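Student: This is the structure I want to talk about, given as structure tokens.
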Amino acid sequence: MSADPVRYRTFSPAGQDGGKRVAVFSEARGDLQARAAASGEPLNVFVDSGDATSLTLRVYTPTREKGSSDSAAIAALAWWASTRPVSDLMEVTMAGETLSAQLCGGEWLLRQGVVEVGDAAADLSSLGLAGAPCWTASTARPNLVVAVADVDALDAFMPDAGAISAVNTSTGTTGLIVYGPGGPNRADVSFRAFGPLKGFAEDAASSNMLACLVGVLGHCGHLPADTNLLRAAQRMPGALSQLSAQFGAAEGGVEVWVGGRAEITASSTVPAGSGG
């Protein structure tokens, strides 16, 4: 029996330690919270059941059951596909929610839904972004999306949680996405994602917030014209990530799938199904 868990890094640029670390456990048995705490990883995903077309997962941090996580799902899909033949189209269930997944160019992508976009009028002076163009974008909860001139301006942005929360509250949004054109590794766009109202200061790899950004790019006519794929660099300081998005026109907006690379980093020696 193979070592359990298998440790992955998802959304990391090649040769870098960015993205997110995930431990994948082959079975959802025993004390899952204790096993997650013992792994030493910030995200832990347990395969509850699965076959050639579907996976049911449970996701834990070291201290609680998280519910759902795109990073955990991407890692679990990569591991599952490495152990048996599977369809290029899968259904992934976490916390009672089922998401569609597809394999594209060796990367698993999860369907984020149709992004609805609207023009926004917001006072961004408290963020140091006065006069920057902005929009609202949503697949469920709306985010505020703000454009800056380039990657240098994006990297120079200094977030203030209180100011971000106040702007989100005044615009009826729950998160902030700041983006600029281009980026490393031939990225089409670079962005940073903030969510103090959602319980995090800045996210290292945010699938849904990239989906919202793709919706805005479509709304503005800035999506690539010769392909339906986009590469994005997420630039949280100290934890750079690289994500992929597939997009297409849909009634009411742009339909978006988001995913990326998942690489094995190491395996523990804890036997599958043990409580450790």
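The values are calculated or read from the model by the stated rules, or taken from the named source; none is laboratory data. The shown structure was predicted, so the numbers you read here are calculated from the model rather than taken from an experiment. Cβ: placed from backbone, ideal geometry, glycine included. Neighbour counts: every protein chain shown. These accessible areas exclude ligands, DNA and RNA; they are computed on the full protein's heavy atoms, side chains included. Shrake-Rupley method; radii C 1.70, N 1.55, O 1.52, S 1.80 Å.
Student: Just name the residue that is farthest from A140 (Cα to Cα) out of those in region 168-199 that are of a type in the set (A, V, I, L, M) and either open to solvent by less than 10 Å² (accessible area, probe 1.4 Å) or without any contact (Cβ under 8 Å) to a residue 12 or more places away in the chain (or both).
Tutor: V189
Student: Criterion first (in contact with a helix residue (DSSP H, G or I) (Cβ under 8 Å, 6 or more places away or on another chain), open to solvent by less than 60 Å² (accessible area, probe 1.4 Å), at pLDDT below 95 and under 24 Å from A81 (Cβ atoms)) does S207 satisfy it?
Tutor: Here the answer is no, as S207 does not meet what is asked.
Student: Looking only at residues that are without any contact (Cβ under 8 Å) to a residue 60 or more places away in the chain and surrounded by fewer than 18 Cβ atoms within 10 Å (Cβ to Cβ) in region 232-269, which one is nearest to the chain's Cα centre (by Cα)?
Tutor: G238
Student: Which strands (runs of 3 or more DSSP E) does region 86-138 wholly contain that include 3 or more residues that are in contact with a strand residue (DSSP E or B) (Cβ under 6 Å, 6 or more places away or on another chain), within 30 Å of R58 (Cα to Cα) and at pLDDT 95 or above? Let's see the steps before the verdict.
Tutor: On the way: elements: 89-94, 97-104, 107-119, 134-138.
Per the criteria, 89-94, 97-104, 107-119.
Student: Also: Just give me the residues in region 139-151 being in a loop (DSSP other than H, G, I, E, B) and open to solvent by less than 30 Å² (accessible area, probe 1.4 Å), in sequence order.
Tutor: Listed by number, the list holds a single entry, V148.
Student: Let me ask you something else. Residue by residue through region 16-68, note down the ones that are assigned to a loop (DSSP other than H, G, I, E, B), without any contact (Cβ under 8 Å) to a residue 40 or more places away in the chain, of a type outside the set (S, T, N, Q) and open to solvent by less than 40 Å² (accessible area, probe 1.4 Å).
Tutor: Passing the criteria: A28, E41, G67.
Student: Within the group Q112, Q102, which residue is touching a residue at least 60 places away in the same chain (Cβ under 8 Å), within 18 Å of the chain's Cα centre (by Cα) and over 13 Å from L55 (Cα atoms)?
Tutor: Numbers: Q102 fails: over 13 Å from L55 (Cα atoms).
After applying the criteria, what remains is Q112.
Student: Exactly one of (1) in contact (Cβ under 8 Å) with a residue 12 or more places away in the chain; (2) closer than 24 Å to L240 by Cα; (3) open to solvent by 40 Å² or more (accessible area, probe 1.4 Å) is unmet by A156. Its number?
Tutor: (1)
Student: Give me the residue from region 212-231 that is crowded, with 24+ Cβ neighbours inside 10 Å and farther than 23 Å from A166 by Cα and, out of that set, farthest from the chain's Cα centre (by Cα).
Tutor: L217
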